[in-house]
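All of the numbers you see were taken from the coordinates with simple rules; none came from a lab. Remember, it's a predicted structure, so these values are computed and weren't measured experimentally. Don't worry about glycine lacking a Cβ; one is built from the backbone with ideal geometry, like all the others, and counts go over all protein chains shown.
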Amino acid sequence: MVNSQYVNWNDIENTVQIVSKKISKLSKNFSSISTISRGGLIPSRLLADSLGIEKIFVDQKTISSDSLFVDDIFDTGKTYSDIISKVSNSSEITFATLFVRRGMTLPEQLIYGQQTFDDSYVVFPWDKFEFEKTLK
C-alpha cells in the first residue's frame, strides 16, 4: 500500500492564494505561464486567473525567462531539471509549485505554497482517478 496525502479543492484554492501572494511580491512581471501537461495544467490556469496572466504555454521546447513556470508539486526535482535546460536564461526563471516534498533541497528560484506532511504521495483532485487505478 502506498502512503498518500489527499488534498481537496479547498486546499488547492487556499494554496493558490498563498503562491499568488508570494509571486505578486516579486519585482518581476511575467508575460506568460509555462507548464507541462498533466500535473501543471490546472495549477497554471488557477494561477493565471489569480495573477491576471492571459497566456499559458504547454510542453514548449523552449521557455522564455520572463515566463512563470508552474507545476503542481516539486517532488524529485526531475521536472525542474528538465525545464532548466529549455530556458533561455536559467538564472532568471521563476518556478512555482503548490506543494514541495518535505526534506527536499529546493532551488533558489522556487516559490511554493505548502510542504507535504511527509514523503507520502500527494493525490490532487485532478489525478485522483489515475492514482486509484494504480491501487487496483
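Observations, loosely collected:
- Shape of the range 38-78, Cα gyration tensor, a/c cut at 1.5: oblate
- Karplus-derived 3J(HN,Hα), 6.51/-1.76/1.60, for each residue of the range 103-111, Hz, glycine and proline x: x, 7, 7, 9, x, 4, 7, 8, 10
- The chain: mean projected area of Cα convex hull, nm²: 8.0 nm²
- Compared with the dominant Cα axis of the chain, that is its longest principal axis, helix 9-24 is turned about 20°.
- Taking label points 7 Å from Cα along the Cα-to-Cβ direction, Arg102 and Asp59 give a separation of 3.5 nm.
- Exposure proxy for Phe99, Phe117: other Cβ atoms within 10 Å of each Cβ, ordered fewest to most, give Phe117, Phe99.
- Placing a pseudo-label 7 Å from each Cα along the Cα-to-Cβ vector at Lys22 and Glu132 gives an inter-label distance of 3.0 nm.
- As a proxy for reagent exposure, ranking Ser88, Ser37, Ser20 by other Cβ atoms within 10 Å from fewest up yields Ser37, Ser88, Ser20.
- Violating pairs (Cα-Cα greater than 24 angstrom) within the set Lys28/Lys86; Lys86/Lys133; Lys22/Lys55; Lys78/Lys136: Lys86/Lys133; Lys78/Lys136
- Shape parameters for the range 1-80, alpha-carbon atoms, Rg then Dmax in Å: 13.2, 45
- Footprinting exposure proxy ranking of Val19, Val70, fewest other C-beta atoms within 10 angstrom first, gives Val19, Val70.
- For Val87, the residues 5 or more places off, or on other chains, whose built amide H falls under 5 Å of its own are Ile63.
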